[in-house]
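Colleague: I'd like to ask some things about the structure below.
Values in this text are rule-based calculations from the coordinates and carry no lab data. It should be emphasised that the depicted structure is a prediction, and the values quoted were computed from it without experimental measurement. So basically every Cβ, Gly included, is an ideal-geometry build from the backbone, and we count neighbours across all protein chains shown.
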Amino acid sequence: MRTGISTVLVLLLATAASAADRITKEQFGSGGRTRTYYSYVPDSVREEQPAPLIVFLHGSGRNGLSLVEKWKGLASKEGIILAGPDALNKQGWFTTDDGPDLLHDLVDIVSAQHPVDPRRVYVFGHSAGAIHGLMLGLLESQYFAAVAVHAGALSPDAYAYADAAPRKIPMAIWIGTQDAFFPLETVRATRDALVQSGFTVQFTEMAFHTHDYYTRSAAINKEAWAFLKAQALPADPVFTRYEVRR
């Protein structure tokens, strides 16, 4: 009889742990709109030990889940909180709708619910999300600790923001040598412009790799986390607000 009770108890505990260790779909308010994000918080995260947070910016036609689910295994092992918002328009990120205020509001809501280390909030983006991530790193260089992206580049029009950034935020870029959407010379130009403006850029050219992040996500994520976890803000985060003209 005792064996049966013990077995039931073990099964109940396993079910509870499984339910807790999952990605959840959440909503929050930002800019007068209801926005959606996907969240993952490992069971290992404890109140007494604030954890790093990665904010994800998905590619065109995707949603926040597409990146969070690819990072879940590594996050569980490393104790990383994950949050992947949906762009207002799934085809891309726009500063007017998805600018710094959106991510600031998201970080605030996640931090109110979970123990986030404010000096270790990072951005990871792919494709359209990579473009947006690089730009947000320039606009909020004193708020995010570091930015890592796969397959993205800045428009030359954005280079002036690099010169104006008060902190030369560490950035890392991964690009396939056979990426049909972001030619190698375009991404190299982004790297060169950032370096010229005083940024430290970890730049990785992946031989024979295309635009496809998902089939090689495990290797890319491992390298990206090795880069991100070594970075932290030297002081408490400072968020810069901008006037948005629609």
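Colleague: Taking R0 as 51 Å, what's the FRET efficiency between R119 and H211 from their Cβ-Cβ distance, rounded to 0.05?
Modeller: Taking R0 as 51 Å, the efficiency between R119 and H211 is 0.95.
Colleague: From the phi angles alone, apply the Karplus equation (6.51, -1.76, 1.60; θ = phi - 60°) to segment 215-232 and give each ³J(HN,Hα) in whole Hz, x where the residue is Gly or Pro.
Modeller: Listing the rounded values in order: 6, 10, 4, 4, 5, 5, 4, 4, 5, 5, 5, 4, 6, 5, 5, 7, 10, 8 Hz.
Colleague: Here's a follow-up. Checking the cross-link filter: which lysines have an alpha carbon closer than 28 Å to that of K25, excluding same-chain neighbours under 8 positions apart?
Modeller: Answer for K25, where 28 Å is the Cα cut-off: K70, K72, K77, K90, K222, K229, listed by chain and number.
Colleague: Moving on to the next point. Compute a Gaussian network model of the chain, connecting alpha carbons closer than 10 Å, and tell me which residue from G125, G152, G79 fluctuates the most.
Modeller: Result for the chain, Cα springs under 10 Å: G79 fluctuates most.
Colleague: Further question: Would you pull out the residues with amide H under 5 Å of I173's amide H, same chain only if 5 or more places away, H placed 1.01 Å from N?
Modeller: Sorted by chain and number, the residues that satisfy this are V149, Q202, F203, T204.
Colleague: Relative to the longest principal axis of the chain, what angle (0 to 90°, nearest 10) does the C-alpha long axis of helix 128-139 take?
Modeller: That works out to roughly 70 degrees.
Colleague: Pop the C-beta distance of T177 and E48 into the FRET formula with R0 = 30 Å and round what comes out to the nearest 0.05.
Modeller: Efficiency, from the Cβ-Cβ distance: 0.10.
Colleague: What number comes out for the charge environment of P237, summing +1 per Lys or Arg and -1 per Asp or Glu over other residues with Cβ under 15 Å away?
Modeller: -2
Colleague: Right, another one. Below 13 angstrom from the Cβ of M171, what's the summed charge of the other residues (Lys, Arg +1; Asp, Glu -1)?
Modeller: Details: positive: R167, K168, R191; negative: E140, D192.
So the environment of M171 carries a net charge of +1.
Colleague: If we count other beta carbons within 10 Å of each Cβ, what is the order of K90, K72, fewest first?
Modeller: Fewest-to-most ranking of K90, K72: K90, K72.
Colleague: Counting other C-beta atoms within 10 Å, which of W93, W71 has the fewest, and how do the rest follow?
Modeller: By the 10 Å Cβ count, ascending, the order reads W71, W93.
Colleague: Report ³J(HN,Hα) in whole Hz for each residue of segment 198-207, in order, from the Karplus equation J = 6.51 cos²θ - 1.76 cosθ + 1.60 where θ = phi - 60°; Gly and Pro get x.
Modeller: Here the 3J(HN,Hα) series is x, 7, 8, 10, 8, 10, 10, 9, 9, 4 Hz.
Colleague: Sticking with this structure for a sec: Taking Cα atoms, how many degrees apart are the long axis of helix 100-113 and the longest axis of the chain, rounded to 10 and kept between 0 and 90?
Modeller: Long axis of 100-113 versus the principal axis of the chain: about 20 degrees.
Colleague: Please order S30, S111 by the number of other Cβ within 10 Å, starting at the fewest.
Modeller: S111, S30
Colleague: Need one number: nm distance between label points at T24 and A219, each 7 Å from Cα along Cα→Cβ, rounded to one decimal.
Modeller: 3.6 nm
Colleague: Using Cα atoms only, what is the angle between the long axis of helix 2-20 and the major principal axis of the chain, expressed in degrees (0 to 90) to the nearest 10?
Modeller: Tilt relative to the chain: about 20 degrees.
Colleague: According to a simple spin-label model (label point 7 Å from Cα along Cα-to-Cβ), what is the distance in nm between V195 and T34?
Modeller: So the label points at T34 and V195 sit 4.8 nm apart.
Colleague: Work out the length of the dipole vector of segment 24-228 about its Cα centre, built from +1 on the beta-carbon of each Lys and Arg and -1 on the beta-carbon of each Asp and Glu, and round it to the nearest 20 debye.
Modeller: On the way: 17 positive and 22 negative charges, 61 e Å.
Its charge dipole is roughly 300 debye.
Colleague: According to the Kirkwood expression over distinct Cα-Cα pairs, how big is the hydrodynamic radius of the chain, in Å?
Modeller: Evaluated over the chain, this radius sits at 18.6 Å.
Colleague: Let me ask something additional. Points 7 angstrom from Cα along the Cβ direction at D108 and K77: gap in nanometres?
Modeller: 3.6 nm
Colleague: Name the residues whose placed amide hydrogens come within less than 5 Å of the amide hydrogen of R62, ignoring near sequence neighbours (fewer than 5 apart) on the same chain.
Modeller: none
Colleague: Ok, one more. Which Cα, out of Q231, A158, T204, lies furthest along the positive dipole direction of segment 147-246 (beta carbon charges, K/R +1, D/E -1)?
Modeller: Going by the Cα projections, it comes out as Q231.
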